[in-house]
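A.B. asks: One structure is given below, represented as structure tokens, and several questions about it will come after.
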């Protein structure tokens, strides 16, 4: 059975890495030890591990089964890839086995959706085969938001050193003829569409799923950590356009707090699904079932 159903849509989480991962100052530069202490009652142990002084944030994909498609949302870091980040370098995880446990083989996937093209969202786009990076999902069309792809292609072309994650996890998809550039409001099928959520990256999108009286949205990295709901003006250390990221987050939180919208952040620990509620002048995340 899927982790969660939204009407006719079945959703499973495919976790690549979990547990304490990120230094607070690196993920959220505005965070201080005093703030961690102030919010310790709800941060520990789900969101912050005081022993390691690290935020708990999974790296995960989502498997979305529709009546017409088997879709992968975001591709984690991937295996066997050279990365400057030790967390991601030369991984050898059991992600493919976890995908199989959720009821899908690489051949079953016919659409891949990337919320954006950062390294922890594109890695499993490709696999290493006979020394070459080839599409992991041979029958899939990979949908990239056109502004996102165009931005990173230009950055890569202008860089003295190529962007390794683009070279090994995005450009091979283009070379294989499996990529499709789409607008940021692209409709994948009835009840499944993209939505601009720019700021973290220039073409970042959310992925909406609606059926059976429920509406969920995969928000990618629009919000990395629940503290960004307590402090909506905090940006991650990885955001491209911080003022726009703040506006996008505030506008979304205002909208979500007025509705029953089910919010699915990329890096919130299980159960991951929840709603956004008002908390004074800010917001808080309420996990489903709690």
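A.B. asks: Shape of region 1-82 from its Cα gyration tensor (a ≥ b ≥ c, root eigenvalues): rounded if a/c is under 1.5, otherwise prolate when a/b > b/c, or oblate?
C.D. replies: Prolate, because a/c is 1.5 or more and a/b exceeds b/c.
A.B. asks: If you stretched the chain out fully between residue 40 and residue 129, how much longer would it get, using 0.36 nm times the residue separation minus the C-alpha to C-alpha distance?
C.D. replies: Working it through step by step, the gained length comes to 27.5 nm.
A.B. asks: With just the Cα atoms defining each centre, how far is region 134-155 from region 85-112? Give it in Å.
C.D. replies: Here the answer is 18 Å between Cα centres.
A.B. asks: Follow-up. For a test of the definition: using alpha carbon positions, the gyration tensor, and the 1.5 limit on a/c, classify region 247-290 as rounded, prolate or oblate.
C.D. replies: Verdict is prolate for region 247-290.
A.B. asks: If you don't mind, there's one more thing I want to ask. Take 4, 46 and order them by how many other Cβ atoms sit within 10 Å, fewest up front.
C.D. replies: Ranking 4, 46 by Cβ neighbours within 10 Å, fewest first, gives 46, 4.
A.B. asks: Further question on the same structure: Quick check on region 53-153: take the gyration tensor over C-alpha atoms, sort the square-rooted eigenvalues as a ≥ b ≥ c, and tell me if it's rounded (a/c under 1.5), prolate or oblate.
C.D. replies: In terms of gyration-tensor shape, rounded.
A.B. asks: Given an 8 Å cut-off on Cα distances and at least 6 residues of separation, report the relative contact order of region 69-195 as a percent.
C.D. replies: Once divided by the residue count of region 69-195, the mean separation gives 25 percent.
A.B. asks: What whole-number distance in Å separates the alpha-carbon centres of region 265-290 and region 37-69?
C.D. replies: 11
A.B. asks: Follow-up. Can you sort 224, 151, 204 by how many other beta carbons sit within 10 Å, fewest first?
C.D. replies: In order of increasing Cβ crowding within 10 Å: 151, 224, 204.
A.B. asks: I've got another one for you. For each of 244, 222, count neighbouring Cβ atoms within 10 Å of the residue's Cβ, then give the residues from fewest to most.
C.D. replies: 244, 222
Computed from the coordinates by the stated procedures, all read-outs in this text should not be read as laboratory data. Just so you know, these numbers come straight off a predicted model, no measurement behind them. Because the Cβ atoms are built from the backbone with ideal geometry, glycine has one as well, and the counts that use them run over all protein chains shown.
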